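One structure is given below, encoded as structure tokens.
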């Protein structure tokens, strides 16, 4: 009984000494106290590249089956089954989708996501200055969800974002993703 009473304090004492002498001292983190103490701002960079971000509007025609609500009633389903031959009609409708992309060359090459333009029959690019252009798909990959578009006709060069080598970025570097 005496051993268990002296063993527990001894273990805590040695653990306390280990923590004090063996654990490295962590330096004090300097946290800015006010917003004026923060010297880094992405604002100039964002102003520079914001003109290269575009809105993408797509349209596609969909044939959808229209079923009368009457035939969706459980009473009718019970007697006629799931496939009722009458009351079903095809209706064509235009589906609109919106997304965004980034201009990567002065001649109007744009990177966007595959899901933004998937199945699109008409693609419209809207620039930050509200100019609108038709675009065509150069390539698209569903697996990586990337697509490359080209503006069909334009009069002046586009503002674009340059790619940089990601090998030049190190752990701890600040980056801005658009």
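Quick note: the coordinates plus some simple rules give every number you see, no bench work behind them. Fair warning: this is a prediction, and the values are worked out from it, not measured in the lab. Backbone-built Cβ (ideal geometry, glycine too); neighbour counts: all protein chains shown.
Put in order of Cβ neighbour count within 10 Å, fewest first, the listed residues 128, 97, 156, 140 become 156, 128, 97, 140.
With a Förster radius of 25 Å applied to the beta-carbon distance between residue 102 and residue 34, the computed FRET efficiency rounds to 0.15. Distance between the modelled labels on residue 59 and residue 146, one decimal in nanometres: 3.1 nm (7 Å Cα→Cβ projection).
Arranged by the count of other C-beta atoms within 10 angstrom, fewest first, what order do 170, 95 take? Show your work: numbers first, answer last.
On the way: 170 6, 95 13.
Sorted ascending by nearby Cβ count, the order is 170, 95.
Listed by Cβ neighbour count within 10 Å, with the fewest neighbours leading, 58, 34, 144 appear as 34, 144, 58.
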